[in-house]
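A.B. asks: Below you'll find the structure I mean.
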Amino acid sequence: MSRPTVAKINLENLAFNLASVKKFVGEDLQCMAVVKADAYGHGAIECSRKLEQERIDWLGVALPEEGLELRQSGIRTPVLCLGSFFDGQENLLIENDLTTVIFRLDLAEKLNSVAKNLNKIVNIHVKVDTGMGRLGVRFDEISEFAESLKKLTNLNVDGLMTHFAAADNLWENDFTNLQIQRFKEVCDIFQEKGFRPTYRDLANSPASIAHPNSRGNMVRIGGILYGLGEDILPKNIKKPDLKPVLSLQSKICFLKNVPKGETLGYSRSFVTNKKSLIASVPIGYHDGLPRGLSNAGRAIIRGQFAYIVGRVSMDWILVDVTHIPEISLNDDVILIGENNGNCISAAEIAEKIDTISYEITCGISPRVTKIYQY
Ligand SMILES: *Cc1c(COP(=O)(O)O)cnc(C)c1O
């Protein structure tokens, strides 16, 4: 027995979302499922196993370390390290059959020389910065970079990729189209220089859905696989059906009557305006329930909404359950999820604290037990 605070991960819904997105973008496209950051808090190993069963073409991680974890759990699907690698990780990549993104010539040279020593040809994907301004060879410097790559004969450029800065924002369509145009020019340059990369990919979740002209021959999707479409896809566009994969729940572990005029929690930020019934629930900001939900968040208990009162503390929240009939100890408390037609999404929480749903699910800490539903 342990604390009843759990994240339930519905892997059937993950598979549903993948099928739904594939149907939407076209079954002929290759598909990379992005499982970096522990699959946005959903559990990278379990999610990757399910996606592998569903015959995903690629898995995308941020770091070689994340790729290694997948390999050590028996995942055989091709893995791309989206954030490239760090000096000294060349052997780790090659020995574990992890493909890396490349945008630094010095790292390309190091990888090439390790590959040469092992007598191997290693595939790489070249990342081009067409306007994101984060990682990638700048589009206007790509010609020299391609020339230098030609000399690294133990590397094979198997992919060209770029990443959008604002594909989720239809006001930025001109910029997104400029990025697409720059990427096309980059592809032409590689073609002229004799490279024949298998993959040309640009699109993340919002681009895959909102910008059909950005799909190249592979899409790299994260958020929508986990059902996080609500706040990261533009409003008022055609979208695939998506189901949330994660729900976050706990139970009432203490119940008490409190008279009118009492203060509750740290800083005494809430005062009862009536005789109240208050539930204590063992989840707090260490679990990833943001402190910004103090006096602002809500839960679903016995099918009804109930509000967080007072400060969210490290390990506990207080919920006003005065209005809920027959409330009792051990009743389920849903922080993210759905019951009786009422729903709290990660996006709802995100909006309240001025962030995006990704940060909410990524923030659910390892202290929260994960339960996988197959
Ligand atoms: C994280 C990431 C993605 C996935 O983005 P989503 O919005 O979650 O689909 C795609 N490409 C790159 C390079 C990324 O870093």
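Here, each number is a calculation from the coordinates, and none is a lab measurement. None of these values were measured; they are calculated from a predicted model. Using ideal geometry, Cβ is built from the backbone for each residue, glycine included, and neighbour counts are taken over all protein chains shown.
A.B. asks: Lys/Arg Cβ at +1, Asp/Glu Cβ at -1, dipole of the chain taken about the Cα centre: which of 247, 257, 199 is farthest positive-ward?
C.D. replies: 257
A.B. asks: Related question: DSSP loop (so not H, G, I, E, B), at most 15 other Cβ within 10 Å: list which trypsin sites (Lys or Arg not before Pro) in region 232-337 pass both filters. Working shown, then result.
C.D. replies: Working: sites: 235, 238, 251, 256, 260, 268, 274, 275, 291, 298, 302, 311; in loops: 235, 238, 260, 274, 275, 302, 311.
Here the trypsin sites (Lys or Arg not before Pro) that fit, given the DSSP loop and packing criteria, are 235, 238, 260, 274, 275.
A.B. asks: Here's something else I'd like to know. Among 2, 74, 62, which residue has its Cα furthest toward the positive end of the charge dipole of region 1-98, with +1 on Lys/Arg Cβ and -1 on Asp/Glu Cβ?
C.D. replies: About the Cα centre, the residue reaching furthest to the positive side is 2.
A.B. asks: Work out from phi, with θ = phi - 60° and the Karplus expression 6.51 cos²θ - 1.76 cosθ + 1.60, the ³J(HN,Hα) of each residue of region 246-263, listed in order in whole Hz, and give x for Gly and Pro.
C.D. replies: Values, residue by residue: 10, 10, 10, 9, 8, 9, 5, 10, 6, 9, 8, 7, 10, x, 4, x, 8, 9 Hz.
A.B. asks: When ranked by the protection proxy of mean other Cβ atoms within 10 Å per residue, highest first, what sequence do the peptides 205-215, 43-53, 332-342 form?
C.D. replies: Values: 205-215: 21.5, 43-53: 19.9, 332-342: 18.2.
By packing density, highest mean first, the sequence is 205-215, 43-53, 332-342.
A.B. asks: Positive end of the dipole of the chain, charges at C-beta (+1 Lys, Arg; -1 Asp, Glu), about the Cα centre: which of 277, 362, 114 has its Cα farthest in that direction?
C.D. replies: Of 277, 362, 114, it is 277.
A.B. asks: Can you give me the long-range amide H partners of residue 156? Hydrogens built in the peptide plane at 1.01 Å from N, cutoff under 5 Å, separation of 5 or more residues or another chain.
C.D. replies: Amide H to amide H, under 5 Å and 5 or more residues apart or across chains, residue 156 pairs with 122, 123, 124.
A.B. asks: Provide the gained length on full extension for the span residue 140 to residue 256, in nm with one decimal, where the gain is 0.36 nm per separating residue minus the Cα-Cα distance. Spell out each step's value before the answer.
C.D. replies: Details: separation 116, 0.36 × 116 = 41.76 nm, distance 6.57 nm.
Between residue 140 and residue 256, full extension yields an extra 35.2 nm.
A.B. asks: Place the peptides 120-127, 159-166 in order of packing, highest mean first, counting for every residue the other Cβ atoms within 10 Å and averaging per peptide.
C.D. replies: Details: 120-127: 20.0, 159-166: 22.9.
Ranked from most to least packed, the peptides come out as 159-166, 120-127.
A.B. asks: Evaluate the charge dipole of the chain about its Cα centre and quote only its size in Debye, nearest 20, assuming +1 on the Cβ of each Lys and Arg and -1 on the Cβ of each Asp and Glu.
C.D. replies: Working: 43 positive and 45 negative charges, 169 e Å.
Value, rounded to 20: 820 debye.
A.B. asks: Starting from the amide H of residue 138, placed 1.01 Å from N in the peptide plane, find each other amide H under 5 Å away whose residue is 5 or more places distant or on another chain.
C.D. replies: It is 129, by chain and number.
A.B. asks: Could you size up the charge dipole of region 1-63 around its Cα centre, putting +1 on the beta carbon of Lys and Arg and -1 on that of Asp and Glu, and report it in debye to the nearest 20? Let's see the in-between values first.
C.D. replies: Values: 8 positive and 8 negative charges, 53 e Å.
My answer is approximately 260 debye.
A.B. asks: Please list 3J(HN,Hα) in residue order for region 8-19, calculated via the Karplus relation 6.51 cos²θ - 1.76 cosθ + 1.60 where θ = phi - 60°; whole Hz, with x for glycine and proline.
C.D. replies: Per-residue couplings from phi come out as 9, 10, 8, 6, 5, 5, 4, 5, 4, 5, 4, 5 Hz.
A.B. asks: Between residue 295 and residue 169, what is the FRET efficiency for a Förster distance of 22 Å, r being their Cβ-Cβ separation, to the nearest 0.05?
C.D. replies: On the way: r = 31 Å, r/R0 = 1.41.
E between residue 295 and residue 169, to the nearest 0.05, is 0.10.
A.B. asks: Say each of residue 275 and residue 237 gets a label point 7 Å from the Cα, pointing the same way as Cα to Cβ; how far apart are those two points in nm?
C.D. replies: Rounded to a tenth, the inter-label distance reads 5.5 nm.
A.B. asks: Which residues does the label zone of residue 342 cover in region 305-329, counting backbone N under 18 Å from a point 7 Å along Cα→Cβ?
C.D. replies: Those under the cut-off are 305-310, 317-329.
A.B. asks: Which residues' amide hydrogens lie under 5 Å from the amide hydrogen of residue 199, considering only partners 5 or more residues apart or on another chain, with H built in the peptide plane?
C.D. replies: Hits under the 5 Å cutoff: 159, 160.
A.B. asks: Find out how many positive minus negative residues lie around residue 183, taking Lys and Arg as positive, Asp and Glu as negative, among other residues whose Cβ is under 14 Å from that of residue 183. Working shown, then result.
C.D. replies: On the way: positive: 127, 138, 182, 184, 200, 215, 220; negative: 129, 140, 185, 188, 201.
In short, +2.
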